[in-house]
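Data block below; observations after.
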Amino acid sequence: NAGVTQTPKFQVLKTGQSMTLQCAQDMNHEYMSWYRQDPGMGLRLIHYSVGAGITDQGEVPNGYNVSRSTTEDFPLRLLSAAPSQTSVYFCASSYRTTSGVGNEQFFGPGTRLTVL
Amino acid sequence: KQEVTQIPAALSVPEGENLVLNCSFTDSAIYNLQWFRQDPGKGLTSLLLIQSSQREQTSGRLNASLDKSSGRSTLYIAASQPGDSATYLCAAPNTGFQKLVFGTGTRLLVSP
């Protein structure tokens, strides 16, 4: 298994540009999430999904869109990039136990994004 | 709202020492708590997951404990090695099992 994969690894954008960060997992996990990591602030949840067709907002959703058309993929879209979105973005996934509770989360290698 | 705090922010020890990293959380109604390791410029590697019904979880030289009543978890590293140098993060769910709240981490340096 490849686990959680993210592309690209690095990206530089100009203010106002849009782009999509790709995330895929091959573990058949129902739960997927996007986090951003900023110095001194730790990781913060942007959006998450509990299954195909179901998404919800996390702590810092503004400026980002997500969709989940398949179990495997969970892309993150930046609509109009701003310098404040310069960060490292991590995608994570986990399976659901029979009780409905999420379990151990596995993270991708991250995408380092710079917005000029 | 869940808040997670890690103390100390940085720790420097000589090789061979046993050490304890601390994590505290404000909402004790958690399903589980997870410890991660992050090397510079890399992603997060899951170290240990403690379910709410457990008090301890062990993996090799690592032992994590969970005390929900006091809102604390500790990560014990035995016989530390230079390869243990990294940032250690703990994360607890926020009003739901999927939405992790992270501490800002403890940066560990183990000197030969």
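Within the range B:72-112, the only residue that satisfies the criterion of being away from chain A (no Cβ under 14 Å) and among the aromatic types (Phe, Trp, Tyr) is B:TYR76. Would you pick out the residues in the range B:71-86 that are in contact with a Cys (Cβ under 9 Å, 6 or more places away or on another chain) and of a type in the set (A, V, I, L, M, F, W, C)? Selection gives B:LEU75 alone. Report, by residue number, each residue of the range B:31-51 that is more than 15 Å from the chain's Cα centre (by Cα), surrounded by 13 or more Cβ atoms within 10 Å (Cβ to Cβ) and not basic (Lys, Arg). Selection gives B:TYR31, B:GLY43. Taking B:SER69, is it more than 12 Å from chain A (Cβ to nearest Cβ) and more than 15 Å from the chain's Cα centre (by Cα)? In short, yes.
Among the listed residues B:CYS90, B:CYS23, which satisfies the condition of being under 17 Å from A:LEU45 (Cα atoms) and at pLDDT 95 or above? After ruling out the rest, the residue left standing is B:CYS90.
The values are calculated or read from the model by the stated rules, or taken from the named source; none is laboratory data. Because the structure is a prediction, the values reported are computed rather than measured. A quick note on method: Cβ atoms are made from the backbone with ideal geometry, for glycine too, and the neighbour counts reach across all protein chains shown.
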